[in-house]
1. Could we say that Val39 is aliphatic (A, V, I, L, M) and in contact with a Gly (Cβ under 6 Å, 6 or more places away or on another chain) here?
2. Quick check on segment 3-35: of everything there that is open to solvent by less than 90 Å² (accessible area, probe 1.4 Å) and out of contact with any strand residue (DSSP E or B) (no Cβ under 7 Å at 6 or more places or on another chain), which residue is nearest to Pro118 (Cα to Cα)?
3. Tally up the residues in segment 84-106 that are open to solvent by 20 Å² or more (accessible area, probe 1.4 Å), closer than 21 Å to Thr130 by Cβ and not basic (Lys, Arg), please.
4. Take segment 40-58 and flag every residue that is polar (S, T, N, Q) and either within 17 Å of the chain's Cα centre (by Cα) or open to solvent by 90 Å² or more (accessible area, probe 1.4 Å) (or both).
5. Would you confirm whether any residue within segment 20-39 is over 20 Å from Arg111 (Cα atoms), in contact (Cβ under 8 Å) with a residue 40 or more places away in the chain and under 14 Å from the mean Cα position of the chain (by Cα)?
6. Being open to solvent by less than 80 Å² (accessible area, probe 1.4 Å) and either in contact with a strand residue (DSSP E or B) (Cβ under 7 Å, 6 or more places away or on another chain) or closer than 19 Å to Asp109 by Cβ (or both) is the filter here, so list the residues in segment 59-83 that pass it.
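The values are calculated or read from the model by the stated rules, or taken from the named source; none is laboratory data. In this text, all values refer to a predicted model and were calculated from it rather than measured experimentally. Cβ placement follows ideal geometry from the backbone for every residue including glycine, while neighbour counts extend to all protein chains displayed. Accessible surface areas use protein heavy atoms only, side chains included; no ligands, DNA or RNA. Shrake-Rupley method; radii C 1.70, N 1.55, O 1.52, S 1.80 Å.
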Amino acid sequence: MSTQPKAGAVLFAKDVARLAAFYAQVLAVVPKHAHAEKVVIESADFLLVIHAITAPHGDAVEISTPPVLRENVPVKLFLPVRSLSHARLATQQMGGGMKSPDGEWNGPDFRACDGYDPEGNVVQFREALTEAALAT
């Protein structure tokens, strides 16, 4: 049993339920805890907490459809997915999106692609490369 807490992030949201549903669907996980103000999504490797933006800050946040991307922020999440192609479909179905397959690139042991959630947060999704892909 690990003695260290899991790595994770807190993502503040105007619509907690919508954003939590988005990440749960795209990451193929079931939320561990769900409350109106906070949802905890947990995988074997990390925790993602979707937390309500508190008033009065939340009142000033406007979310458009499609969302305006929040590209000029000091942090960008990168999250593991089983498949970039499945993540691409799930992001579109859940109100977000991803770059086309032409925007994918390889890291040392993963393939990655940037996308965004329904509130415009830019996030990178990564799938593990197979042994065959690592050998090429």
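1. no
2. Phe22
3. 10
4. Of the residues in segment 40-58, the ones polar (S, T, N, Q) are 43, 54.
Hit for segment 40-58 is Ser43, nothing else.
5. yes
6. Hits for segment 59-83 are Pro67, Leu69, Arg70, Leu77, Leu79, Pro80, Val81, Ser83.
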